[in-house]
There are 2 protein chains.
Amino acid sequence: MREMTNIALIGFGAVGKSLAETIRDKHDWLKERYGLDAKLVAISGRSKGSIYDSEGLDLEELLEVFNETGNLESYPKGIKGLSSMEIITETNAQIIAEATITNIKTGEPTLSYVKAALSKGKHVVTSNKGPAALAYNELQKLALENGVQFRIESTVLSGTPAINFSTESLAGHKITSVKGIINGTTNYILAEMEQGRPYEDALVEAQRLGYAEADPTADVDGWDAVAKIMILGNVVLGGDLRSSDVERTGITGITMEDVEAAKAEEKRIKLIAEAYMEDGVVKAKVAPTWLPLSDPLANVNGTLNAITVMTDGLEEVTVIGGGAGGLGTAHGLLSDIIAIHRH
Amino acid sequence: MREMTNIALIGFGAVGKSLAETIRDKHDWLKERYGLDAKLVAISGRSKGSIYDSEGLDLEELLEVFNETGNLESYPKGIKGLSSMEIITETNAQIIAEATITNIKTGEPTLSYVKAALSKGKHVVTSNKGPAALAYNELQKLALENGVQFRIESTVLSGTPAINFSTESLAGHKITSVKGIINGTTNYILAEMEQGRPYEDALVEAQRLGYAEADPTADVDGWDAVAKIMILGNVVLGGDLRSSDVERTGITGITMEDVEAAKAEEKRIKLIAEAYMEDGVVKAKVAPTWLPLSDPLANVNGTLNAITVMTDGLEEVTVIGGGAGGLGTAHGLLSDIIAIHRH
């Protein structure tokens with residue numbers, strides 16, 4: 001495994017750029033530590049052009065030039081103007097690192113990118129929730145048929161190990177449920193409400209801090225949590241969930257009276273997403289839940305995320321970590337690249 | 001990877017027996033899920049005899065007979081009377097699963113068993129803290145030279161993923177420190193003190209419940225935590241710690257006044273073990289520490305254990321899980337066996 005590993009990066013927002021910077025900064029260490037000689041050969045960004053050099057891009061130079069001009073095509077060498085699909089199918093990349101923005105309704109255009117890459121015998125690592133939530137089983141089958149891997153660690157908990165933790169660190173355990181706090185925005189709002197700030201004020205503050213979008217529906221109505229719990233249910237429990245299968249209640253109905261009533265019982269309201277087995281079928285739900293303070297999930301505050309995995313060998317195991325940010329998500333992609341290199 | 005995997009089990013206490021039961025119960029599922037056809041070919045217990053069948057033991061029958069007689073040699077087939085060392089060196093086992101009692105002073109006899117196994121080209125998985133704490137780097141080198149693996153997931157946190165979590169799930173992160181609550185007995189005593197029960201009473205209760213030994217020194221003076229933080233420091237941070245390098249303060253000096261004073265500051269006293277880098281060298285300490293309630297470790301109560309890993313990619317990541325019990329520890333051994341099978 002001493003040969004080069006050629007990577008193409010699709011998407012050059014916060015996550016994609018952070019991955020390029022990480023490969024620039026850690027290249028020598030990755031080679032020494034894991035024998036991984038990671039070469040970024042191509043990058044495309046939706047509004048930032050694209051660049052390809054089969055010998056590998058000079059990331060030092062590329063990032064410097066990009067920081068000046070905002071366009072990948074200012075890089076003085078290489079081939080410019082290839083589309084994302086051309087980069088996926090026509091270059092010498094062995095691994096496609098996909099970090100575009102999630103479209104949770106259709107998964108496109110990423111879903112087509114992933115299918116094309118796997119069909120061409122290229123490994124895919126992605127932080128995009130769309131393909132993972134909408135078509136995980138189909139894509140996993142396609143990967144298997146083509147002798148490659150489709151890995152999605154960074155689609156939930158933004159790089160905090162959740163999927164590889166459940167499937168690899170917990171190998172040998174039969175997992176019966178996964179539940180957690182997997183949306184940082186709602187967790188922040190609920191914690192603010194507990195400090196005495198009404199819902200509307202807490203939402204405005206979350207928007208001001210950049211945690212919530214101008215249209216907060218995806219977070220506060222639970223849609224983001226639905227996408228993530230579908231992924232966890234399908235990957236970790238082997239389910240076949242569609243979004244219409246997931247019972248969903250958001251946090252917009254939570255009042256200060258609810259929060260105070262929970263507090264009086266030494267409980268805390270959290271938006272809990274859960275996937276579980278019922279009569280041999282994987283089911284899932286997202287709902288505000290009153291947790292006793294002794295529950296590890298009750299103490300996950302701020303924008304932290306967490307999952308608790310129930311297993312037959314260890315009862316409950318909980319992982320708590322950051323739930324947002326380009327650097328963490330990029331490291332989730334990197335951990336998947338290393339896993340591909342190792343196997 | 002469809003051939004059989006022959007395993008010999010050394011040590012038949014709670015952990016060893018639990019591993020045998022787990023392989024009996026999960027054999028078909030492990031084969032279907034991981035392609036692992038696990039065959040236990042030999043078992044030896046210090047006072048329970050030994051049994052070897054190169055074709056594999058019938059675990060259903062063996063465990064039934066053992067539960068009746070308390071002796072492995074009541075099994076009607078196979079070769080009896082081999083020593084543990086003979087089982088390690090003279091049988092067709094490919095993996096030695098080692099689950100004997102820890103001797104933290106010399107590591108023996110386990111240290112000799114592990115060396116013999118690795119030198120013979122056999123993989124070793126162990127729950128015994130002795131060899132891992134005293135000679136990890138030497139044994140890892142020996143394993144590498146012989147093209148086999150030496151895996152020790154279950155030596156800390158009793159099977160809750162800590163080592164594989166740090167080295168594999170967090171691959172690509174540079175880890176700068178690992179700290180945690182890695183001794184359940186002292187955590188139980190401190191939690192009881194917080195409920196108003198003085199140290200001496202809490203210790204007696206811990207002994208009554210079987211959490212503390214008649215001689216509680218190894219727990220309350222911090223020696224058990226020292227052994228485990230040496231393992232984490234050496235494996236996760238790549239250190240070369242000796243026990244004399246570890247600063248150690250136990251919990252015997254903690255008074256009810258300390259506990260109350262911490263509470264008044266919205267803090268909680270926990271016995272924290274930490275390994276960290278200082279001037280390029282790995283150091284470690286074990287000491288009672290006042291944690292703010294917002295720290296995930298502050299909320300780890302009962303006999304739960306937890307570690308917090310500091311990384312350059314994700315800041316803090318915390319794993320919380322059971323810290324005792326044969327079944328969890330056996331699953332730690334099993335996860336290592338599956339990892340060997342996968343690579």
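The values are calculated or read from the model by the stated rules, or taken from the named source; none is laboratory data. These figures come from a predicted structure and were not determined experimentally. Glycine also receives a Cβ, built like all others from the backbone with ideal geometry; neighbour counts cover every protein chain displayed. Heads up: the accessible areas ignore ligands, DNA and RNA and are worked out on the full protein's heavy atoms, side chains in. Shrake-Rupley method; radii C 1.70, N 1.55, O 1.52, S 1.80 Å.
Return yes when B:Leu314 is within 14 Å of another protein chain (Cβ to nearest Cβ), within 22 Å of B:Ile163 (Cα to Cα), buried (at least 23 other Cβ atoms within 10 Å of the Cβ) and out of contact with any Phe, Trp or Tyr (no Cβ under 9 Å at 6 or more places or on another chain) and no when it is not.
Against the criterion (within 14 Å of another protein chain (Cβ to nearest Cβ), within 22 Å of B:Ile163 (Cα to Cα), buried (at least 23 other Cβ atoms within 10 Å of the Cβ) and out of contact with any Phe, Trp or Tyr (no Cβ under 9 Å at 6 or more places or on another chain)), B:Leu314 qualifies.
Determine, yes or no, whether A:Thr289 is part of a loop (DSSP other than H, G, I, E, B) and more than 14 Å from chain B (Cβ to nearest Cβ).
no
Please find, among B:Glu213, B:Glu257, the residue that is without any contact (Cβ under 8 Å) to a residue 40 or more places away in the chain, in a loop (DSSP other than H, G, I, E, B) and assigned by TED's automatic domain parsing to the domain that holds B:Ile307.
So the residue among B:Glu213, B:Glu257 that is without any contact (Cβ under 8 Å) to a residue 40 or more places away in the chain, in a loop (DSSP other than H, G, I, E, B) and assigned by TED's automatic domain parsing to the domain that holds B:Ile307 is B:Glu213.
I need a count of the residues in region B:44-74 that are of a type in the set (A, V, I, L, M) and closer than 18 Å to B:Ala14 by Cβ.
Of all residues in region B:44-74, those of a type in the set (A, V, I, L, M) come to B:51, B:57, B:59, B:62-63, B:65, B:72.
Next, from what is left, pick out any that are closer than 18 Å to B:Ala14 by Cβ: B:59, B:62-63, B:72.
So the count comes out to 4.
Condition check: over 24 Å from A:Ile337 (Cα atoms) and either assigned to a helix (DSSP H, G or I) or open to solvent by less than 10 Å² (accessible area, probe 1.4 Å) (or both). Does A:Glu21 satisfy that?
no
Which of the residues that make up region A:299-311 are of a type in the set (A, V, I, L, M) and either within 8 Å of chain B (Cβ to nearest Cβ) or under 11 Å from B:Pro296 (Cβ atoms) (or both)?
A:Val300, A:Leu304, A:Ala306
Which residue, of B:Glu138, B:Glu200, B:Glu205, is open to solvent by 60 Å² or more (accessible area, probe 1.4 Å), over 26 Å from B:Gly280 (Cα atoms) and more than 14 Å from chain A (Cβ to nearest Cβ)? Let's see the steps before the verdict.
Numbers: B:Glu138 fails: over 26 Å from B:Gly280 (Cα atoms); B:Glu205 fails: open to solvent by 60 Å² or more (accessible area, probe 1.4 Å).
None of the other options fit; the residue is B:Glu200.
State whether one or more residues within region B:37-51 are part of a loop (DSSP other than H, G, I, E, B), more than 26 Å from the chain's Cα centre (by Cα), at pLDDT 95 or above and more than 30 Å from A:His343 (Cβ to Cβ).
No, that holds for no residue.
Can you name every residue in region A:317-343 that is at the interface with chain B (Cβ under 7 Å from one of its Cβ atoms), open to solvent by less than 20 Å² (accessible area, probe 1.4 Å), aliphatic (A, V, I, L, M) and farther than 19 Å from B:Ser335 by Cβ?
A:Ile320, A:Leu334
Please state which of the following conditions A:Ala261 fails to meet, knowing it meets all the rest: (1) surrounded by fewer than 23 Cβ atoms within 10 Å (Cβ to Cβ); (2) of a type in the set (A, V, I, L, M, F, W, C); (3) more than 9 Å from every other protein chain (Cβ to nearest Cβ); (4) within 30 Å of B:Thr329 (Cβ to Cβ).
(4)
Can you name every residue in region A:296-331 that is modelled with pLDDT of 90 or more and assigned to a loop (DSSP other than H, G, I, E, B)?
Listed by number, the residues that qualify are A:Val300, A:Asp312.
Name the one entry in B:Leu63, B:Leu82 that is open to solvent by less than 60 Å² (accessible area, probe 1.4 Å), out of contact with any strand residue (DSSP E or B) (no Cβ under 6 Å at 6 or more places or on another chain) and hydrophobic (A, V, I, L, M, F, W, C).
Residue meeting the stated conditions: B:Leu63.
Please verify whether A:Val226 is surrounded by 22 or more Cβ atoms within 10 Å (Cβ to Cβ) and farther than 25 Å from A:Leu293 by Cα, treating the condition exactly as stated.
no
Please go through region A:30-42 and pick out each residue that is touching a strand residue (DSSP E or B) at 6+ places or on another chain (Cβ under 8 Å) and free of Cβ contacts under 8 Å to residues at least 40 places away in the same chain.
A:Lys31, A:Asp37, A:Lys39, A:Leu40 - these are the residues of region A:30-42 that are touching a strand residue (DSSP E or B) at 6+ places or on another chain (Cβ under 8 Å) and free of Cβ contacts under 8 Å to residues at least 40 places away in the same chain.
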